[in-house]
Amino acid sequence: MWRFFSSLKLTIFLLIGLAVVSIIGTVIPQGTPPPMEYLQTISETKFELYSKLGFFNMYHSWWFILLLYLLTLNLVACSLRRLPHDWKLVNRQVTVLDEQLEKSLPNVQFWKVSQSAANLKDPVAAMLGQEFATPLVTKVNEEYHLFAQKGRFSRLGVYILHFSIIIVFIGAMIGSFFGYKAFVQIAEGEAASAVTSTSGEPINLGFAVRCDSFSLSFYDSGAPKEYRSVLSVIENGRLTVDHQAVIVNSPLTYRGITFYQSSYSQAGPPTFRFAVRDRKSGATTLVTATGNRPVELSEGETLTVLGYVPNFGTIFPGYTGPAVQVQMTGENVTTEPFALLEKYPAFNADKGGAYFISFAGSNQKWRTGLQVTKDPGVWVVWLGCFLLVTGIFVSFFLSHRRIWVRIGGGRIVVAGSTSKNQAVFRSSFDDLIEKLKKI
């Protein structure tokens, strides 16, 4: 069992498994119930299969959490298996360069000297301290042994990496068990004190969120450019957040609960304003139409709004601004549908039969859609991410480098080793040798 849980093969299998199921969770929309648009694209058999496998709420399914637990156990087992050996390398200092150690090291150079070991000891130690690290000097018989090392704790980088992944998992579990994802729709001027979770259960916020206003802007193509909600928070009858703008990627966070701008919809039919001027008398009257309900004019005729576009340029290039399609009906006349433009009052104004008609604007009450999340484990995840970056940096860019020098018998022997980045160490080792030979 110990070999199984501490094996690298298990690690690779679990990582591949998590990658595959994460792809599934990305391709299949998450949510209980799933979006209706997606349900219309799959058969009933697939729906039942996906529901039984938990694909619609995959990241909370028992088997996905089991994979995380197994990977955590595997990381702990691998770390405990390797840690005693690496800890010995960190703490054990082999300060004497004997012949057996010399033969086992990959980088060894020696040269003859005419000076005595006692005279060379201090200059070599000074040079080693200047170019590498302050050495520990040991005298064995008539020989002097110098030992210096740097970055010994870099051997623990992999354990920081393993620990950071476990911390991220713990943070994710905290968010999964004690947090939630929900949704709420709030009409302009109204407030909501509860939201609906992805499972359809109501969640009381403990305070109220009010939508003070909602605005919408469009590109020239007619696609939504930006939708902005202005929100206020009321708690215990007191206004605690006043008119904070919320747009996509700029949420409102209050008491650990974050409100993201997610969608919008119409809250009731729009109202349209028209300036109607009688051709005979010249009298101008302002009328208001609600939705597509006909509006009676003075001569018994009616004005009906058939459609509305926020940017007429998507239909007729060269024009901009809102436009409506209207039709005049009466006893003596029924006009063909025609367009009226807010920015161009004279456009089609003479097609209203006995009236000159211009579009004076519209009012639409909107309903903002907010995604609501509470994740108490987010700071734990951020801590894990910081440790993850630290562990990666230590593991890949730092190394445990050691230098031994033996002076005696009319020669100097220098040996070195590193835990990684052999080519870089070899270059610096050769530079050190050239400087030691000049002493």
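Within segment 90-107, the residues that satisfy the criterion of being within 17 Å of Gly408 (Cα to Cα) and either touching a Leu at 6+ places or on another chain (Cβ under 6 Å) or open to solvent by less than 50 Å² (accessible area, probe 1.4 Å) (or both) are Thr95, Val96, Leu97, Leu101, Glu102.
Among the residues of segment 260-290, write down those that are surrounded by 14 or more Cβ atoms within 10 Å (Cβ to Cβ), under 21 Å from Val326 (Cα atoms) and within 53 Å of the chain's Cα centre (by Cα). Walk me through it before giving the result.
Restricting attention to segment 260-290, the residues satisfying the condition of being surrounded by 14 or more Cβ atoms within 10 Å (Cβ to Cβ) are 260-262, 264, 267, 269-278, 287, 289.
From what is left, the residues that are under 21 Å from Val326 (Cα atoms) are 269-278, 287, 289.
Correct list: Pro269, Pro270, Thr271, Phe272, Arg273, Phe274, Ala275, Val287, Ala289.
For segment 120-130, the criterion of being part of a loop (DSSP other than H, G, I, E, B) and open to solvent by less than 50 Å² (accessible area, probe 1.4 Å) is met by no residue. Scanning segment 347-366 for residues that are in a strand (DSSP E or B) and touching a Pro at 6+ places or on another chain (Cβ under 6 Å) returns Ser358, Ser362. Within segment 61-89, being open to solvent by 100 Å² or more (accessible area, probe 1.4 Å), of a type outside the set (A, V, I, L, M, F, W, C) and farther than 30 Å from Tyr144 by Cα holds for Tyr69, Arg81, Arg82.
Close Cβ contacts (under 9 Å, 6 or more residues apart or on different chains) running from residues in segment 305-321 that are touching a residue at least 60 places away in the same chain (Cβ under 8 Å) to residues that are β-branched (Val, Ile, Thr) and part of a loop (DSSP other than H, G, I, E, B) comprise Val309/Ile315; Asn311/Thr320; Gly313/Thr320.
Look at Leu383 and say whether it is at pLDDT 90 or above, more than 27 Å from Val140 (Cα to Cα), open to solvent by 40 Å² or more (accessible area, probe 1.4 Å) and part of a helix (DSSP H, G or I).
Considered against the rule, which asks whether it is at pLDDT 90 or above, more than 27 Å from Val140 (Cα to Cα), open to solvent by 40 Å² or more (accessible area, probe 1.4 Å) and part of a helix (DSSP H, G or I), Leu383 comes out as yes.
A residue that is part of a strand (DSSP E or B) and under 22 Å from Ala349 (Cα atoms) occurs somewhere in segment 260-272.
Tell me which residues, restricted to segment 411-434, are touching a helix residue (DSSP H, G or I) at 6+ places or on another chain (Cβ under 9 Å) and either exposed (fewer than 13 other Cβ atoms within 10 Å of the Cβ) or closer than 30 Å to Ser164 by Cα (or both). Matches in segment 411-434: Ser417, Thr418, Ser419, Lys420, Asn421, Asp431. Could you grab the pairs with beta carbons closer than 9 Å, sequence gap of 6+ or different chains, first residue in segment 278-302 and without any contact (Cβ under 8 Å) to a residue 24 or more places away in the chain, second one exposed (fewer than 11 other Cβ atoms within 10 Å of the Cβ) and assigned to a strand (DSSP E or B)? That search, which allows pairs on different chains as well, returns Thr288/Asn363.
The values are calculated or read from the model by the stated rules, or taken from the named source; none is laboratory data. All of these numbers come straight from a predicted model, not from anything done at the bench. Every residue, glycine among them, receives a Cβ derived from its backbone with ideal geometry; neighbour counts consider all protein chains shown. Please note that ligands, DNA and RNA were not included when accessible areas were found on the heavy atoms of the full protein model with its side chains. Shrake-Rupley method; radii C 1.70, N 1.55, O 1.52, S 1.80 Å.
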